[in-house]
Amino acid sequence: MRGFVPTQSTTVDLMVELLFREKWPDETDRILDPGCGPGAFIDGILRWCEANNVKTPQITGVELDVERAEKARKKFAAIPQIEIITSDFLLDKVKGPFEYVIGNPPYVSILSLTEAEKRQFRNHYKCAVGRFDLYMLFIERAISLCKKDSTLVFITPEKFTYVQAGSEVRKLLASHAITDIILLQENEFPGRTTYPTISRVRISATTDNTVIRSRDGARFTTVLPNTGESWRHLLSSRKLSEVTGTLRLVDFCHRISCGIATGADAVFVKELNELPENLAQHAWPTISGRQLQPTTSTVKTSSVILIPYTIESRLQSLEDIGELGTYLSRSDIKSRLAMRSCTQRKPWHAFHDAPQMSDLLRPKILCKDICDDPVFWIDQEGLVVPRHSVYYIVPSNPRHLYLLAEFLNSDPAKSWLSSNAQRAANGFLRIQSSVLKRLPIPEHLAHNLLEDQITNLSLRRVQKSMRAEVLKVA
Ligand SMILES: C[S@@+](CC[C@H](N)C(=O)[O-])C[C@H]1O[C@@H](n2cnc3c(N)ncnc32)[C@H](O)[C@@H]1O
């Protein structure tokens, strides 16, 4: 069953404390735990009631998974105030209203849903927009089962606070009183890379401020807008003003550009394990935006691109590239290449745009051209050729690679990019070189970068031997 991630008891206790902070429950109050699993939050409520000498309120757990629901039912069989319903919280009827809601809803991305499920959710839920996740719909459903002054406490991924797909959830939550947002450490759920967040909301109440506890331990208040715009910069203790340096990213970079456009990737790009041996000498590791995976910070790829250009970016003649020339001259391939509009004024085996080989093959930072959250990867050796759906940033000084990548992946830089990049379809961000170039570099970082001396690496030599290694190993 998808979406099962148990909550640790210390987190459960913290959340139960938050739930009852303003008003203790009485025995007639109803508490909902949607996606209750085997009952971690119900255990937590019972612990709290016992510790505070409070009579057990009415508790309803809703769980889709039959085995987990049965486990919870058995565990709490002796307590009449507790009912466990085996049901689909999103599609079946659960009778409200509830005075309290607490839970850890399933994190299930739209990518794991069938077309029929997506359609069904889009018909039922206002928050089912863009690349939504089921936990967003759990929030919407839970709020619909509450009444004035009910309190909700949820633990979810932090993503809803800034991705475009979270805009409707942000609008919905901020139309009530979001009293607290607690950003937890990445290792809260062992083995998962989700950044979890606890949100506490009071229905139909008003509040001027939300108390934020950020990951670095800072505590401050902020006002969360109900317009749907990203809250990212408002949840960070480091404010956007930190990125108002006078120097820009472009001042520290040799090049900021879009990757190679061949106009015929089906011809030039191959999986390494399908690459004929006789073409290996013309192949370079390559990556597309889709292949950049959030689980790694360095670039990993199994694709290669066949490049008929010299390292000085000169298009070679078909005779000069031997076996590659023979491959490209095959009638089916030649006609495919000749069909490209871009070859009207250049040789038919040229790329759509002439590649700047000496820049492409430098240590660099990569990012997707379209994304919901800007993330930056490092190609330390400068061996990977970025394709058209990838932007690459070549620092003027290769030693600045990690410093710049760390800054680009920081909250202030991401906030700045989110606010300044254009929006693509579905609210995704379109990262363009013009925007990247304008990114302000904070004074302290600019100072460090300027102090450093430029070193000249004999890159070509190192790369040549490393490319041979990469291709041999794979
Ligand atoms: C992240 S787990 C949390 C389990 C438990 N509440 C805890 O905190 O340890 C989410 C739970 O929601 C359940 N679930 C997933 N989709 C559901 C749905 N549509 N209706 C009810 N429960 C669902 C999963 O089976 C899973 O047990």
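Where in region 147-189 is the amide nitrogen less than 14 Å from a point lying 7 Å along the Cα-to-Cβ axis of ASP29? Within reach of a label on ASP29, which here means backbone N under 14 Å from a point 7 Å along Cα→Cβ, region 147-189 contributes 147-153. Legend: residue pairs LYS75/LYS148; LYS118/LYS148; LYS23/LYS148; LYS75/LYS147; LYS118/LYS159, Cα-Cα distance threshold 22 Å; pairs beyond threshold, LYS75/LYS148; LYS118/LYS148; LYS75/LYS147. The value obtained for region 9-237, namely the Cα convex hull volume divided by the number of residues, is 124 Å³ per residue. Exposure proxy ranking for LYS346, LYS148, LYS159, LYS364, based on other Cβ atoms within 10 angstrom of each Cβ and starting from the fewest, stands as LYS148, LYS346, LYS159, LYS364.
For a straight C-alpha distance cut-off of 15 angstrom, the aspartates and glutamates reachable from LYS437 (same-chain residues fewer than eight places away being disregarded) are ASP251, ASP369.
Starting with the fewest neighbours, write out LEU19, LEU247 ranked by other beta-carbon atoms found within 10 Å of each beta-carbon. By the 10 Å Cβ count, ascending, the order reads LEU247, LEU19.
The DSSP beta bridges internal to the chain are antiparallel in roughly 65% of cases. Annotation: amide H-H contacts under 5 Å for ARG255 (H modelled 1.01 Å from N, sequence separation of 5 or more, or interchain): VAL394. Excluding same-chain neighbours fewer than eight residues apart, the lysines reachable from LYS334 by a Cα-Cα span under 20 Å are LYS270, LYS346.
Once backbone amide H atoms are built at 1.01 Å from N, THR286 has SER303, VAL304, ILE305, VAL385 as its partners under 5 Å, excluding neighbours fewer than 5 places away on the same chain.
Every number in this text was worked out from the coordinates using simple rules, so none of it is lab data. Only a predicted model underlies this, so the values are computations on that prediction, with no experimental measurement involved. Note that each Cβ is placed from the backbone with ideal geometry, even for glycine, and that neighbours are counted across all protein chains shown.
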